Structure formats: structure tokens, C-alpha cells
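See structure below.
The values are calculated or read from the model by the stated rules, or taken from the named source; none is laboratory data. These numbers were taken from a predicted model, which means no experiment stands behind them. Cβ placement follows ideal geometry from the backbone for every residue including glycine, while neighbour counts extend to all protein chains displayed.
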Amino acid sequence: MPETEILLRAVEPYDIEVLYRWENDPEIWRVSNTIAPFSKFILEKYIESAHLDIYQAKQLRLMIDVSENKGETRTVGTVDLFDFDPFHNRAGVGILIGEQSDRKKGIATLALRKFIDYSFNTLQLHQLYCHITSGNDDSLKLFKKCGFKVTGRKAEWIKTPAGYVEEILLQLVNVE
């Protein structure tokens, strides 16, 4: 998707429907470690508290918008900062491109790079990390492409209908 402009923005109340759809998609659950649906009530409460400072909430979700023709934007996913540790200046990161039709177009790479820049230069974090299950080759490729390195593996860590799978730890350390 050449010359695509990616915008990262705060969660807005009008995002409730798309978040509800994505958070309750069992296909997404298998990569997000979710085992139960989210109610609209819970998502509304989350959106109401999304304005909290990252030091209070210890997490941050930004919506990923793509700029389309005539200057219009369309929401295609989310990027999340979680387990924020202000003492050690680190946090976990996760990304979702919600619709299959928007995947494999370079959107996640552009959004993750923009989010890394924000995390290191604005939030002044020292490192980001993520956990990816073996077999999730698209996510492994994405994070490696953005500079993350495999630093650990947990054998038989995640239970799936097909059996237990390994979880891979990747880290990106800000060397500046």
C-alpha cells in the first residue's frame, strides 16, 4: 500500500461498534489470549477511562486510521501499550488490523513504526516487548521487520484446541 498515510489517534466514543466487533471475534481471540467476549458496557467503561494518563492507567490504546482519497480516513485497527512500567521504562505492545481485507498491505508495519517512534521519543520508553505464539508467522515477521529481536521462548505455554504451543518473547531496546 504505497503512499498510505497512517494516523494514530485516541479512542473515541464512536469507536464502540468496531471495537465491539473486533473484541468479540473468536479468530482474533486466538492471537490475543482472550477466552471470553466483551460486553458493550465494559467497552463503554473502557472508552470513558481512555482519557486517563498512561501513568494512571498503565496502558494506552490508539486507533489506526488510514487516509483515503479525498482526505477521508477509515479506522482499520488498534495498537496497544500495556503493562506499562514507569520505573523500568518499558511496556508490552500489541497490534491488530481488524479486517482480513486490510492485512498484508503494509498498514501494520507503518503503524507499528509510528508507534515505536511515539513510544521512544514522546513517552521516552527504554524498551518495548511482545509475546507471540509460534505459528503466528505474520506477527513474527512484522515485529522482526520493525527491529524486535527474539530473546526468549516458553515451551508449551499457550493452550489451543490443537494442543499446547510455544510463546516467543521479542524485545526492542531503544539504543539512543
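Is it the case that some residue within the stretch 105-120 is crowded, with 16+ Cβ neighbours inside 10 Å and more than 14 Å from the chain's Cα centre (by Cα)?
Yes, the stretch 105-120 contains at least one residue that is crowded, with 16+ Cβ neighbours inside 10 Å and more than 14 Å from the chain's Cα centre (by Cα).
Just the residues that are surrounded by fewer than 18 Cβ atoms within 10 Å (Cβ to Cβ) and touching a Leu at 6+ places or on another chain (Cβ under 7 Å), please, taken from the stretch 56-79.
Result: Gln59, Ser67, Thr73.
Six or more apart or on different chains, Cβ under 6 Å: which pairs go from a residue in the stretch 132-154 that's in contact (Cβ under 8 Å) with a residue 12 or more places away in the chain and over 11 Å from Leu170 (Cβ atoms) to one that's acidic (Asp, Glu) and surrounded by 16 or more Cβ atoms within 10 Å (Cβ to Cβ)? Could you list them?
Listed pairs, sorted by first residue: Thr133/Glu167; Lys154/Glu167.
Before we move on, is Ser119 modelled with pLDDT under 95, under 21 Å from Thr78 (Cβ atoms) and part of a helix (DSSP H, G or I)? Reasoning before the result, please.
Working: modelled with pLDDT under 95: no; under 21 Å from Thr78 (Cβ atoms): yes; part of a helix (DSSP H, G or I): yes.
Here the answer is no, as Ser119 does not meet what is asked.
What pairs come out if I take residues in the stretch 78-91 that are closer than 16 Å to Phe148 by Cβ and pair them with residues that are among the acidic types (Asp, Glu) and crowded, with 19+ Cβ neighbours inside 10 Å whose C-beta lies under 6 Å away, six or more apart or interchain?
Partner pairs satisfying both residue conditions: none exist.
Are any residues in the stretch 77-117 β-branched (Val, Ile, Thr) and closer than 15 Å to Leu172 by Cβ, and if so, which ones?
The answer is Val79, Val93, Ile95, Thr109, Ile116.
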